[in-house]
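Structure record follows, encoded as C-alpha coordinates.
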Amino acid sequence: QLQLVESGGGLVQPGGSLRLSCAASGLSINYYIVGWFRQSPGKEREGVSCITSSGDTTNYVDSVKGRFTISRDNAKNTVYLQMNSLTPEDTAVYYCAASSLPLTGVSGLKGFLYSHWGQGTQVIVSS
(Lines give C-alpha, C1' and ligand atoms only; values in the text may rest on other atoms or scores of the structure.)
Protein backbone atom coordinates (compact mmCIF):
# COMPACT_ATOMS: atom_id res chain seq x y z
CA GLN A 1 0.00 0.00 0.00
CA LEU A 2 1.14 3.52 -0.71
CA GLN A 3 2.80 5.29 2.22
CA LEU A 4 3.72 8.96 2.42
CA VAL A 5 6.25 10.66 4.69
CA GLU A 6 6.62 14.43 4.91
CA SER A 7 9.79 16.25 5.90
CA GLY A 8 11.31 19.71 5.76
CA GLY A 9 9.20 21.54 8.30
CA GLY A 10 10.61 23.73 11.03
CA LEU A 11 10.76 27.19 12.54
CA VAL A 12 11.28 30.13 10.20
CA GLN A 13 10.96 33.89 10.48
CA PRO A 14 8.36 35.83 8.51
CA GLY A 15 9.58 36.34 4.97
CA GLY A 16 11.65 33.19 5.08
CA SER A 17 11.42 30.03 3.01
CA LEU A 18 11.04 26.30 3.50
CA ARG A 19 10.88 23.36 1.14
CA LEU A 20 8.70 20.45 2.15
CA SER A 21 9.19 16.97 0.74
CA CYS A 22 6.69 14.14 0.42
CA ALA A 23 8.43 10.81 -0.08
CA ALA A 24 6.28 7.93 -1.28
CA SER A 25 6.98 4.25 -0.79
CA GLY A 26 5.22 0.94 -1.27
CA LEU A 27 3.82 1.94 -4.65
CA SER A 28 4.85 4.23 -7.43
CA ILE A 29 3.35 7.69 -7.15
CA ASN A 30 3.36 8.09 -10.92
CA TYR A 31 -0.38 7.60 -11.29
CA TYR A 32 -1.56 9.61 -8.29
CA ILE A 33 -2.73 13.15 -7.89
CA VAL A 34 -0.73 14.57 -4.97
CA GLY A 35 -1.86 17.43 -2.78
CA TRP A 36 -0.58 19.44 0.16
CA PHE A 37 -2.95 20.31 2.97
CA ARG A 38 -2.51 22.18 6.22
CA GLN A 39 -4.30 22.43 9.53
CA SER A 40 -3.92 24.73 12.52
CA PRO A 41 -5.62 24.41 15.92
CA GLY A 42 -9.19 25.60 15.71
CA LYS A 43 -9.16 25.74 11.92
CA GLU A 44 -10.54 23.42 9.29
CA ARG A 45 -8.11 21.48 7.16
CA GLU A 46 -7.27 23.51 4.07
CA GLY A 47 -6.14 22.39 0.66
CA VAL A 48 -2.97 24.30 -0.25
CA SER A 49 -1.83 22.91 -3.57
CA CYS A 50 -2.05 19.88 -5.81
CA ILE A 51 -0.32 18.49 -8.87
CA THR A 52 -1.43 16.01 -11.51
CA SER A 53 0.31 12.71 -12.03
CA SER A 54 2.37 13.98 -14.93
CA GLY A 55 3.04 17.35 -13.33
CA ASP A 56 1.45 19.22 -16.21
CA THR A 57 -1.19 20.95 -14.10
CA THR A 58 -1.00 22.57 -10.67
CA ASN A 59 -3.50 24.35 -8.46
CA TYR A 60 -3.13 26.61 -5.44
CA VAL A 61 -5.37 28.14 -2.86
CA ASP A 62 -5.56 31.90 -3.40
CA SER A 63 -3.68 32.77 -0.23
CA VAL A 64 -0.46 31.07 -1.40
CA LYS A 65 -0.48 31.92 -5.10
CA GLY A 66 2.78 33.52 -6.12
CA ARG A 67 4.51 32.32 -2.95
CA PHE A 68 4.28 28.52 -3.02
CA THR A 69 5.32 26.16 -5.81
CA ILE A 70 4.45 22.48 -6.01
CA SER A 71 6.53 20.10 -8.10
CA ARG A 72 7.14 16.39 -8.45
CA ASP A 73 9.98 14.10 -9.40
CA ASN A 74 8.39 10.79 -10.30
CA ALA A 75 11.80 9.16 -10.74
CA LYS A 76 12.44 9.86 -7.04
CA ASN A 77 8.84 9.11 -6.05
CA THR A 78 8.75 12.49 -4.33
CA VAL A 79 6.62 15.63 -4.39
CA TYR A 80 7.83 18.99 -3.11
CA LEU A 81 6.30 22.21 -1.87
CA GLN A 82 8.54 25.25 -2.04
CA MET A 83 7.23 27.93 0.31
CA ASN A 84 8.54 31.49 0.03
CA SER A 85 7.60 34.76 1.70
CA LEU A 86 6.15 32.91 4.64
CA THR A 87 3.81 34.67 7.06
CA PRO A 88 2.56 33.71 10.53
CA GLU A 89 -0.73 32.72 8.89
CA ASP A 90 1.13 29.89 7.17
CA THR A 91 1.84 28.25 10.52
CA ALA A 92 0.27 24.79 10.50
CA VAL A 93 0.90 21.09 10.28
CA TYR A 94 1.34 20.33 6.60
CA TYR A 95 0.16 17.01 5.20
CA CYS A 96 0.87 15.31 1.92
CA ALA A 97 -1.93 13.26 0.38
CA ALA A 98 -2.44 11.15 -2.73
CA SER A 99 -5.52 10.21 -4.72
CA SER A 100 -5.99 7.69 -7.50
CA LEU A 101 -9.12 9.50 -8.66
CA PRO A 102 -9.01 11.47 -11.92
CA LEU A 103 -9.14 14.82 -10.16
CA THR A 104 -8.94 17.98 -12.20
CA GLY A 105 -8.95 21.67 -11.41
CA VAL A 106 -9.81 22.88 -7.94
CA SER A 107 -11.29 19.51 -7.01
CA GLY A 108 -7.72 18.54 -6.22
CA LEU A 109 -7.89 20.82 -3.17
CA LYS A 110 -10.74 18.85 -1.59
CA GLY A 111 -9.36 16.66 1.16
CA PHE A 112 -12.22 14.17 1.21
CA LEU A 113 -11.21 13.02 -2.27
CA TYR A 114 -7.82 11.75 -1.04
CA SER A 115 -7.32 8.28 0.38
CA HIS A 116 -3.62 8.23 1.37
CA TRP A 117 -2.15 10.63 3.91
CA GLY A 118 1.18 11.22 5.54
CA GLN A 119 1.68 11.98 9.23
CA GLY A 120 2.42 15.66 8.71
CA THR A 121 5.29 18.04 9.30
CA GLN A 122 5.11 21.14 11.50
CA VAL A 123 5.73 24.58 10.03
CA ILE A 124 6.01 27.52 12.43
CA VAL A 125 6.44 31.05 11.11
CA SER A 126 7.28 33.42 13.93
CA SER A 127 9.58 36.31 14.74
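Among the residues of the stretch 43-64, is any of a type in the set (Asp, Glu), under 14 Å from the mean Cα position of the chain (by Cα), within 20 Å of Gly120 (Cα to Cα) and open to solvent by less than 40 Å² (accessible area, probe 1.4 Å)?
Of all residues in the stretch 43-64, those of a type in the set (Asp, Glu) come to 44, 46, 56, 62.
Adding the requirement that they be under 14 Å from the mean Cα position of the chain (by Cα) leaves 46.
Adding the requirement that they be within 20 Å of Gly120 (Cα to Cα) leaves 46.
So of that shortlist, the ones also open to solvent by less than 40 Å² (accessible area, probe 1.4 Å) come out as none.
Checked the stretch 43-64: no residue is of a type in the set (Asp, Glu), under 14 Å from the mean Cα position of the chain (by Cα), within 20 Å of Gly120 (Cα to Cα) and open to solvent by less than 40 Å² (accessible area, probe 1.4 Å).
In this structure, does Leu4 turn out to be at negative phi, touching a residue at least 24 places away in the same chain (Cβ under 8 Å), surrounded by 15 or more Cβ atoms within 10 Å (Cβ to Cβ) and in a loop (DSSP other than H, G, I, E, B)?
no
When you scan the stretch 37-48, do you find a residue that is touching an Asp or Glu at 6+ places or on another chain (Cβ under 7 Å), in contact (Cβ under 8 Å) with a residue 60 or more places away in the chain, assigned to a strand (DSSP E or B) and aromatic (Phe, Trp, Tyr), even just one?
For the stretch 37-48, residues touching an Asp or Glu at 6+ places or on another chain (Cβ under 7 Å), in contact (Cβ under 8 Å) with a residue 60 or more places away in the chain, assigned to a strand (DSSP E or B) and aromatic (Phe, Trp, Tyr): present.
Considering each of Ser85, Ser63 in turn, give the residue that is in contact with a Lys or Arg (Cβ under 7 Å, 6 or more places away or on another chain), under 21 Å from Val12 (Cα atoms), among the hydroxyl-bearing types (Ser, Thr, Tyr) and modelled with pLDDT of 95 or more. Outline the logic, then answer.
Values: Ser63 fails: in contact with a Lys or Arg (Cβ under 7 Å, 6 or more places away or on another chain).
Just one listed residue meets the conditions, Ser85.
State which residue is least open to solvent (accessible area, probe 1.4 Å) when the search covers only the stretch 18-29 and only residues that are more than 12 Å from Arg72 (Cα to Cα) and in a strand (DSSP E or B). Write out each step before concluding.
Of all residues in the stretch 18-29, those more than 12 Å from Arg72 (Cα to Cα) come to 18-19, 25-28.
So of that shortlist, the ones also in a strand (DSSP E or B) come out as 18-19, 25.
Details: Leu18: 30, Arg19: 132, Ser25: 52 Å².
Step by step, filter the stretch 18-29, then rank; the result is Leu18.
Out of all the residues in the stretch 102-114, is one or more open to solvent by less than 30 Å² (accessible area, probe 1.4 Å) and either in a strand (DSSP E or B) or without any contact (Cβ under 8 Å) to a residue 12 or more places away in the chain (or both)?
Looking through the stretch 102-114, none of the residues is open to solvent by less than 30 Å² (accessible area, probe 1.4 Å) and either in a strand (DSSP E or B) or without any contact (Cβ under 8 Å) to a residue 12 or more places away in the chain (or both).
Do you know which residues across the stretch 50-69 are touching a helix residue (DSSP H, G or I) at 6+ places or on another chain (Cβ under 7 Å) and not in a loop (DSSP other than H, G, I, E, B)?
Here is the first cut: in the stretch 50-69, the residues touching a helix residue (DSSP H, G or I) at 6+ places or on another chain (Cβ under 7 Å) are 50, 59, 61.
Those that are touching a helix residue (DSSP H, G or I) at 6+ places or on another chain (Cβ under 7 Å) and not in a loop (DSSP other than H, G, I, E, B): Cys50, Asn59.
Return yes or no: is Tyr32 over 12 Å from the mean Cα position of the chain (by Cα), in contact (Cβ under 8 Å) with a residue 12 or more places away in the chain and surrounded by 21 or more Cβ atoms within 10 Å (Cβ to Cβ)?
On the way: over 12 Å from the mean Cα position of the chain (by Cα): yes; in contact (Cβ under 8 Å) with a residue 12 or more places away in the chain: yes; surrounded by 21 or more Cβ atoms within 10 Å (Cβ to Cβ): yes.
It is true that Tyr32 is over 12 Å from the mean Cα position of the chain (by Cα), in contact (Cβ under 8 Å) with a residue 12 or more places away in the chain and surrounded by 21 or more Cβ atoms within 10 Å (Cβ to Cβ).
How many of the residues in the stretch 88-100 are assigned to a loop (DSSP other than H, G, I, E, B) and either loosely packed, with under 14 Cβ neighbours inside 10 Å or modelled with pLDDT of 95 or more (or both)?
Step one: filter the stretch 88-100 for residues assigned to a loop (DSSP other than H, G, I, E, B), giving 91, 100.
Retained after the next criterion (residues that are either loosely packed, with under 14 Cβ neighbours inside 10 Å or modelled with pLDDT of 95 or more (or both)): 91.
Number satisfying all stated conditions: 1.
Select from the stretch 70-86 the residues that are touching a strand residue (DSSP E or B) at 6+ places or on another chain (Cβ under 6 Å) and assigned to a loop (DSSP other than H, G, I, E, B) and list them in ascending order.
Narrowing the stretch 70-86 to residues touching a strand residue (DSSP E or B) at 6+ places or on another chain (Cβ under 6 Å): 70-72, 77-83, 86.
Matches in the stretch 70-86: Asn77, Leu86.
The values are calculated or read from the model by the stated rules, or taken from the named source; none is laboratory data. These figures come from a predicted structure and were not determined experimentally. Cβ sites come from the backbone with ideal geometry, for glycine too, and all protein chains shown count toward neighbours. Calculation scope for accessible area: heavy atoms of the full protein, side chains included, ligands and nucleic acids excluded. Shrake-Rupley method; radii C 1.70, N 1.55, O 1.52, S 1.80 Å.
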